[in-house]
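The values are calculated or read from the model by the stated rules, or taken from the named source; none is laboratory data. In this text the structure is predicted, and so the values were computed from the model without any measurement. Here the Cβ is made from the backbone with ideal geometry for all residues, glycine too, and neighbour counts use every protein chain on show.
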Amino acid sequence: MKIYTKKGDKGNTSLLGGTRVPKSHLRIETYGTVDELNSHIGLIRDQQIDQIIVKVLIQIQNQLFTIGSHLASDPEKAKAKIPDLNEKEITLLENEMDQMHEVLPEMRSFVLPGGHRAVSHCHIARCVCRRAERRVIELSLQSPVDELIIQYLNRLSDYLFVLARKLSHDLGADEIPWQPNKK
């Protein structure tokens, strides 16, 4: 099977279900941003981090593929066989955050992103996750979107923030507090 089909050479692509849309279509932007997020999660996974975290990140990447396939489906046409979305994936993120919070110092101010490459990758992924969430919300105003997608992306951005703090803690990186300008 060849990876190229030449069908998109004029700027259009197919949704699952066969509907052709411009590659600039909001639906394409949503699942493209989720795909970008998935790649950033892969960068986090490639760092020298705890293997338990790596296993969770692989689960997250699989869930992001499921979300992407839901977003790539034409809601007006019969859906192909796509894995179901379920609340247990959201619960997993919540449980993981709760466990990380047990060992983290209390947060007394906003922290500046950075301190270690792995931490920075978490913050970049968090920002891309928030953008994906905004795109999906915008799409939901025009077309049906499973609300679990929005909930999952919202919780995932929280998870990525807490993960950044946990990796700072584990790697001995400094968390630099935000110092607002004083008048």
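Please find, within the range 35-83, the residue that is farthest from His25 (Cα to Cα) out of those that are of a type in the set (Lys, Arg) and assigned to a helix (DSSP H, G or I).
The extreme case among them is Lys55.
Count, please, the residues in the range 90-109 that happen to be closer than 17 Å to Arg126 by Cβ and of a type in the set (Asp, Glu).
Result for the range 90-109: 2.
Say whether the condition of being surrounded by 15 or more Cβ atoms within 10 Å (Cβ to Cβ), out of contact with any helix residue (DSSP H, G or I) (no Cβ under 7 Å at 6 or more places or on another chain), in contact (Cβ under 8 Å) with a residue 60 or more places away in the chain and under 13 Å from Val162 (Cβ atoms) is met by at least one residue in the range 107-117.
Yes, the range 107-117 contains a residue that is surrounded by 15 or more Cβ atoms within 10 Å (Cβ to Cβ), out of contact with any helix residue (DSSP H, G or I) (no Cβ under 7 Å at 6 or more places or on another chain), in contact (Cβ under 8 Å) with a residue 60 or more places away in the chain and under 13 Å from Val162 (Cβ atoms).
On the basis of being of a type in the set (Ser, Thr, Tyr) and over 18 Å from Val162 (Cβ atoms), does Ser39 make the cut?
yes
Based on what the data block shows, is Ile176 modelled with pLDDT under 95, among the aliphatic types (A, V, I, L, M) and over 19 Å from Glu102 (Cα atoms)? Write out each step before concluding.
Details: modelled with pLDDT under 95: yes; among the aliphatic types (A, V, I, L, M): yes; over 19 Å from Glu102 (Cα atoms): yes.
It is true that Ile176 is modelled with pLDDT under 95, among the aliphatic types (A, V, I, L, M) and over 19 Å from Glu102 (Cα atoms).
Conditions tested, residue by residue: (1) modelled with pLDDT under 95; (2) part of a loop (DSSP other than H, G, I, E, B); (3) of a type in the set (Lys, Arg).
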{"site": "Leu85", "(1), (2), (3)": "yes, yes, no"}
{"site": "Arg108", "(1), (2), (3)": "yes, yes, yes"}
{"site": "Val128", "(1), (2), (3)": "no, no, no"}
{"site": "Glu138", "(1), (2), (3)": "no, no, no"}
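Within the range 112-126, identify whether any single residue is outside any loop (DSSP other than H, G, I, E, B), within 18 Å of Gln59 (Cβ to Cβ), modelled with pLDDT of 95 or more and of a type outside the set (A, V, I, L, M, F, W, C), and answer yes or no.
yes
Tell me, please, whether a residue that is farther than 30 Å from Gln179 by Cβ and in contact with a Phe, Trp or Tyr (Cβ under 7 Å, 6 or more places away or on another chain) can be found in the range 72-86.
Taking the range 72-86 first, the residues farther than 30 Å from Gln179 by Cβ are 72-86.
Right, trim to in contact with a Phe, Trp or Tyr (Cβ under 7 Å, 6 or more places away or on another chain) and you get 72.
Looking for residues that are farther than 30 Å from Gln179 by Cβ and in contact with a Phe, Trp or Tyr (Cβ under 7 Å, 6 or more places away or on another chain), one finds at least one in the range 72-86, hence yes.
With the condition kept exactly as written, say whether any residue in the range 123-132 is under 14 Å from Gly68 (Cα atoms), aliphatic (A, V, I, L, M) and out of contact with any strand residue (DSSP E or B) (no Cβ under 9 Å at 6 or more places or on another chain).
yes
Mind telling me which of the residues Asp74, Asp9, Asp35, Asp50 ends up being acidic (Asp, Glu), surrounded by fewer than 14 Cβ atoms within 10 Å (Cβ to Cβ) and either within 17 Å of Val119 (Cα to Cα) or in contact (Cβ under 8 Å) with a residue 24 or more places away in the chain (or both)?
Answer to the selection: Asp50.
For the range 142-183, how many residues meet the condition of being free of Cβ contacts under 8 Å to residues at least 40 places away in the same chain and either more than 12 Å from the chain's Cα centre (by Cα) or not in a helix (DSSP H, G or I) (or both)?
Of the residues in the range 142-183, 7 are free of Cβ contacts under 8 Å to residues at least 40 places away in the same chain and either more than 12 Å from the chain's Cα centre (by Cα) or not in a helix (DSSP H, G or I) (or both).
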